[in-house]
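Laboratory data are not the source of any read-out in this text; all were calculated from the coordinates shown. Quick caveat, the model's predicted, so the values are computed rather than measured. Neighbour counts are summed over all protein chains in view; Cβ atoms, including those assigned to glycine, are modelled from backbone coordinates with ideal geometry.
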C-alpha cells in the first residue's frame, strides 16, 4: 500500500466474511430477533422520517430513552456507531504517540488496533494457566508502567470472565488513568454495574445494542460517564455518525428493555447447559458470564463443525470461542461434536 | 476536559442543532425525498432482514450496485459512514504527526479537523478577492511545501466553485502526494469525473448519498480508487461501520439513479434563478455549480431570515451559504430578503 504511512505497515485489519447459510456461532450475536413490538413501532416511525435530512447529531430522543432506562441524566450519555466508535474516539482523545494503554490479554482484539491507530502501544496483562485474570496483577502492572488508559472488558471477550463490581472498583481506585469499562456482554452476567462510572472522574462505561439487544444490524453503542468525559467524546467523535433509522430502532429497543428479559435468561440457561455438555464430552471449557464459551479443542473438531456448516470463532488451532445459540442450534453443535468424539 | 490530550485542547468541534420547524437551507440537503420506488423497495427488503446479525462488512451488494452504475469493478470501491468517515480514514492512514495536508480555503471545515485529529497540519491556499481559487496557485504551493496529502473539493463547499476535469488533472499530475477528490456536490455540476481516479496511482474520489441522492439520514458515502488505495482504506476503517438498513437504501438509490435526474435538474434551474434574484436584490453572490450559493450579506438580513424561521448557514457576520431549496422555499427566502432590502 504505497501511500500508507510506515507506522501502519504492520497493522492486521479485522475481517469477517458474511455467512448467510448454516449455524452462525462465531460473532456473539443473539439467536433471537428483537421483540416484534420494537420492530413494528420502529417501522411505523420510519413512515414519518424525512430521508433527506441529516440525523440528529445530538441523538436527543435516543439519549433520553437510555437515560430513562438507567434513571440518569441524558447529559451523561453519548452514542456512536457501535461501542467500537466510542472506544476508538477515547483512544484518539487521550493517547499521544508512544503512550501506553493497558488491558488484559486475550481480550477484544480491537483495543490493540485502536492503540495502533494513534501510534500508541497496547500492553496486555496475561492470566494464569486457565486464562483466569488476577486483579492484583493488573493493579501491580498499573503501578509499574503508569498507563494513560486502562481497558477492562467484563465479561471478557473471548474468555468469558466476569469481574465483580468490587474488583472493578479496586482497579479504578488504583489509578489516575482513564478507565474504559467495556460492558458489551454485561446483560448476560450477574450484575450490570455500568452506572459506577458516574461516581468517578476517571471511568467511562460502554454498552451496546449488538449483543443482548439483538441489534448488531443497526451498529449502535453508547457510553455513560461524567459530563466532562462526555464532552471530550462529543468533541472528538464524528458529527452525524449514527443514522436516523439506527437512532429510532435503538430508542425503541431500550425503551422496551423488559421485553428482552426472558430471552436473556434463556441464553444464560443454555450457556450453563452448553458448558456442562462440552465438559462432559471432554473439552476444556472456561466459566463464562457472557453469551459465549471459550474452549480449547483439537482442530479436527473445528473442521468437523465446518463440514456441517456450523461456524464458531477460531483464534488458532487450539483456541476457539462458541457463541451460545438457540437450544436447537446448541443441540446440533453438540451432536456433531458428540459424533466426532466417538469416532 | 481533564483526560483530553494536550494536542487536542484547541480543537473546535463541529456542531449543528437539529431544526425541525421552518425552512431549512443551512445543511445543503435536498428539498426532495428520494423517489418513492426506492423507499418502497427498501422497506420490502427490510422485512427479510435479520436484525440480530451484523451487517456485511464487505458491503458486497452495495459495492456491486455502485460498480454497475459507473461500469467499474466493485474492487475499486469502498463505502463508509458518509464520505466523512472515508476522508478521516485517509488522513489517518497517510499522515504522521506534523505532516502537512494541503487544500483550498475556505473549504469543507472537516478537512482541518481530520488533519488535527492525527496531529497533522492543514494548510489552505486562498482565492482572490472574489474567493476564486487559482489552480496555478495550488500547483505552486504543492511545489513549495511538498505535502503528503492534497484535498480538492469540487464543487467547493462553501464557495461553489467547480474545477474542470482538466484543472483537476493538472493538480493531480503536478504532485506525488495522494490527492483526495471530494465530489460530494458534483452531481449538480457540469460533469462528474469521479472515474479519473482509476487512471492514476495517487487519486481517490469521494461521493456521497447525502446530497443529490437525498439520503443524509442513512449516513453513507463511497470512494473510488485503484485496488491498492482501496486496500489501504479497508485496512484502516472500522469493521461493520455501515448499518444493514443504510446499505439497503443506498443500494436501491444508486440502482435507480435515473429517477433522480429531474429533481437534480430542478435544483440546477432554481440555483440559477436564486443567483439572479439575489444579485438583483444587491447581494454579493458567487457562481456555484453545487446546490448552494455563497453570499456576502449584512447580518441584519440573516436575523430577518431567522425571525421568519428561515435557516441559512452563517460563517461570520458577513459570509453566509444558502442551500438551494424547493421553488416555494426559495420564493419565501427571496420574499423575506426583498422586504428587508426595501425597509
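Annotations for the structure displayed:
- Over all distinct Cα-Cα pairs of region A:196-296, the Kirkwood formula returns a hydrodynamic radius of 16.4 Å.
- Neighbour-count ranking [beta-carbon atoms within 10 angstrom, fewest first] of B:219, B:338: B:338, B:219
- Stokes-Einstein translational diffusion, region A:83-150 - Kirkwood Rh over all Cα pairs, 1.306 mPa s, 10 °C, in µm²/s: 130 µm²/s
- Estimated from helical segments only, the mean residue ellipticity of chain A at 222 nm is -11500 deg cm²/dmol, where each DSSP H run of four or more residues counts as -39500 (n - 2.57).
- For the Cα trace of region A:1-154, dividing Rg by the Kirkwood Rh returns an Rg/Rh value of 1.03.
- Cα-based Rg and Dmax for region B:238-300, where Dmax is the largest Cα-Cα distance (Å): 17.9, 51
- Whole-number D in µm² s⁻¹ for region A:36-255, Kirkwood Cα-pair radius fed into Stokes-Einstein, 25 °C, 0.890 mPa s: 138 µm²/s
- Relative contact order computed over region B:37-195 (Cα-Cα under 8 Å; 6+ residues apart), in percent: 18 percent
- Classified by the C-alpha gyration tensor, region B:94-205 has a rounded form. Its axis ratio a/c, with a ≥ b ≥ c, is below 1.5.
- Of all DSSP bridge pairs formed entirely within the protein assembly as shown, close to 45 percent run antiparallel.
- Global geometry of region B:135-281, whether rounded, prolate or oblate, following the gyration tensor of its Cα atoms and the 1.5 cut on a/c: oblate
- Working value for region B:157-234: equivalent-ellipsoid semi-axes of 21, 17, 9 Å, each the square root of 5 times a Cα gyration tensor eigenvalue, largest first.
- Surface/4 of the Cα convex hull for region B:240-343, nm²: 8.5 nm²
- Averaged over peptide B:20-31, the number of partner chain Cβ atoms lying within 10 Å of each residue's Cβ comes to 2.
- Which of A:64, B:59 has the fewest Cβ neighbours within 10 Å, and the rest in rising order: A:64, B:59
- Rg/Rh for the protein assembly as shown, where both radii come from Cα atoms and Rh is the Kirkwood radius: 0.98
- Rounded to the nearest 0.05, the FRET efficiency derived from the C-beta distance between residue A:265 and residue A:48 at R0 = 25 Å is 0.10.
- Chain A residue nearest by beta-carbon to the axis mapping A to B, with distance in Å: A:245, 2.
- Using C-alpha pairs under 8 Å with a sequence gap of at least 6, the mean separation divided by the residue count of chain A gives a relative contact order of 24 percent.
- In this label model, residue A:73 and residue B:335 are separated by 4.4 nm, measuring between points 7 Å along each Cα→Cβ vector.
- Inter-part distance where region A:241-319 and region A:105-183 are each reduced to a Cα centre, Å: 22 Å
- Förster-model FRET efficiency, 56 Å R0, residue B:145 and residue A:306, C-beta, rounded to 0.05: 0.55
- For B:328, A:208, order by how many other beta-carbon atoms lie within 10 Å, fewest first: B:328, A:208
- Summarising the strand pairing of chain A, around 45 percent of its internal DSSP beta bridges are antiparallel.
- Pairwise label distance in nanometres, residue A:128 with residue B:317, each label 7 Å out on the Cα-Cβ vector: 7.1 nm
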